[in-house]
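Data first, discussion second: the structure below is written as structure tokens.
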Amino acid sequence: MSKSSPNFTCTACGHAHRKWIGKCEGCGAWNTLVEEAPLSSGPKSLGSKGRAIHLTDLATIGEAPPRASSGIDELDRVLGGGLVPASAILVGGDPGIGKSTLLLQAAASFAQHGVKCLYISGEEASAQVQMRAQRLGLTEAPVALGAETNLRDILTTLDTERPGLAIIDSIQTMWLDTVDSAPGSVSQVRAAAHELVTFAKRRGVAVILVGHVTKDGQIAGPRVVEHMVDTVLYFEGERGHQFRILRAVKNRFGPADEIGVFEMTGSGLSQVLNPSALFLSERGQPSPGSAVFAGIEGTRPVLTEIQALVAPSPLGTPRRTVVGLDSGRLSTILAVLEARCGIPFAGLDVFLNVAGGMRVTEPAADLAVAAAILSAREDVAIPPETVLFGEISLSGALRPVGQTENRLKEAAKLGFSQAIAPKGSKLGQAEGMNVRQMPDLTAFVGEMFGAG
Ligand code: TYD
Ligand code: MG
């Protein structure tokens, strides 16, 4: 080891340091540095001649190999229309959320659709995986199963078997004998992922890597794995809810932000083809504090219910509790309501929740959030046949959002008849919807809740 080589790596961002310090210089996180053996002693002199690489032009395209369908529509859509051969996919999620269940079902389904599948478990013994397969009713599927953590042996096996798809569950349990640190450490995870991704590209085998995510939403160890793979999917959901959402956060072969919705049942995950109907099915009688948001997730419109509760606070600093939305966004909306519409929230606790365990990231949800909060504060229910969408700017103006027509069509399909949208929205042809366009939040408050 050369003396000057950095040998402390931040587990949160991967930044390398020469000595141990309490706070990472890369991301500012505390106590995230771990000692790592350097991967090599640095580049040797590049004096010797390399091999000339084969160059081509932009116009010549070979026949694109067909994508493989898993037969699970929700999974295919999140992958961008099926599995791309020789691609590397990372599936992240909290422990126990259902990654192994999803991937075992995916492996079985791919295998039944003619893709040779290998499932390598580093966490469970073969017998345990077999028991799970039995519970899921998948024992007939021609999936080759292995329980191993030594990557050298796994790569040799993959090289002889040449499957179309190899699933590695999980990347944190894999270890390479060439790297001098414990499995799960930053350098092991990075080296193992690098070997597998390189193998995928060179040998034309698609690989799916499973990664456990730490509490703060990062794949345990380095985020470097995210940069190495073609596609990053997150499997998320609330523990208490049976819904699980598979979300593409990066995809070189399809739209990012696409979601697939699943339901965890006693016999595994079943796909939910019409998530709007499902998210709204729990909605009871129209009550104050509830607003339906017509959102877009990836390429698909999804209707969700936003619930708010506003109550007098016994605390000096009132509570702002948010589930399923960005808390910064709530603060902004409350500030705009106070400053532009003159509606105070001092001394009031505000609780906000997206029903069904869904997570909404679109700024288009602003108007529905404001509506739910106002409806709770004024104790006035929003008419039940109404959906809302629109972005709120700091000036209190409502900004039109994309894909208005799709939002309206989905709402009409689910029996809604009225929409409240920003002025200037491109409505397209949405039959059966009465769209009321509002220029700003003040107009909206006046119209819905009197003068506020
Ligand atoms: P698992 O796939 O082992 O999670 P991960 O691989 O992400 O750690 O899922 C485990 C959870 O799923 C466990 O809490 C039980 C639940 N589960 C069901 O509800 N139904 C099922 O059919 C299966 C197999 C698991
Ligand atoms: Mg697992």
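Here are some notes:
- Links that overshoot a 25 Å alpha carbon limit, given the list Lys201/Lys250; Lys99/Lys413; Lys99/Lys409: Lys99/Lys413; Lys99/Lys409
- Cysteines having no other Cys beta carbon under 4.7 Å from their own, within the chain: Cys117, Cys341
- Amide H contacts for Ile296 (H built 1.01 Å from N in the peptide plane; partners 5 or more residues away or on another chain; cut-off under 5 Å): Val302.
- The mean accessible area for residues of the chain, using a 1.4 Å probe and ignoring ligands and nucleic acids, is 46 Å² per residue.
- Phi angles of region 283-296 translate, via the Karplus equation with coefficients 6.51, -1.76, 1.60 and θ = phi - 60°, into HN-Hα couplings of 6, x, 5, x, 9, x, x, 10, 9, 9, 9, 8, x, 10 Hz per residue; Gly and Pro are given as x.
- On Cα atoms only, tilt of 366-378 relative to the major axis of the chain in degrees: 50 degrees
- Here the accessible area is traced with a 1.4 Å probe on the protein chains. For region 56-123, carbon and sulfur cover 56 percent of it.
- Peptides 184-191, 246-253, 426-433 ranked from most to least packed give 184-191, 246-253, 426-433, packing being the mean of other C-beta atoms within 10 angstrom over each peptide's residues.
- Summed residue charge, Cβ within 13 Å of Met438's Cβ, Lys/Arg positive, Asp/Glu negative: -1
- Taken along the Cα-to-beta-carbon direction at a fixed 7 Å, the label points for Lys116 and Lys250 span 3.0 nm.
- Site pair Ala147 and Glu123 shows an inter-label distance of 1.5 nm when each label is modelled 7 Å from Cα along Cα→Cβ.
- Calculated FRET efficiency for the pair Gln285/Arg51, C-beta based, R₀ 60 Å, to 0.05: 0.25
- Taking amide H positions as modeled 1.01 Å from N, with prolines and chain starts lacking one, the residues under 5 Å from Ile208 and 5 or more places away or on another chain are Ile89, Ala166, Ile167, Ile168.
- Rounded to the nearest 0.05, the FRET efficiency derived from the C-beta distance between Cys27 and Ser313 at R0 = 30 Å is 0.30.
- Computed over the chain, the quotient of the alpha carbon radius of gyration and 2.2 N^0.38 Å is 1.13.
- Net charge of the neighbourhood of Ile296, taken over other residues with C-beta under 12 Å away and scored Lys/Arg +1, Asp/Glu -1, is -3.
- With the simple spin-label model, which puts each label point 7 Å out from Cα in the Cβ direction, the Ser417 to Leu273 separation comes to 2.9 nm.
- Protection proxy ranking for 7-19, 150-162, 285-297, using the average of other Cβ atoms within 10 Å per residue and placing the highest first: 285-297, 7-19, 150-162.
- Scattering from region 65-201 was approximated by placing one identical point on each alpha carbon and applying the Debye formula without solvent; log10 I(q)/I(0) at 0.11 1/Å stands at -0.38.
- Angle between the chain longest axis and helix 126-136 axis [Cα atoms, degrees, rounded to 10]: 30 degrees
- The distance linking region 349-424 with region 231-280 is 22 Å (Cα centroid to Cα centroid, whole angstrom).
The values are calculated or read from the model by the stated rules, or taken from the named source; none is laboratory data. Please read all numbers here as calculations on a predicted model, not as lab measurements. Virtual Cβ from ideal backbone geometry, glycine too; neighbours counted across all protein chains shown. Just the protein is used for accessible areas: all its heavy atoms, side chains included, with ligands, DNA and RNA removed. Shrake-Rupley method; radii C 1.70, N 1.55, O 1.52, S 1.80 Å.
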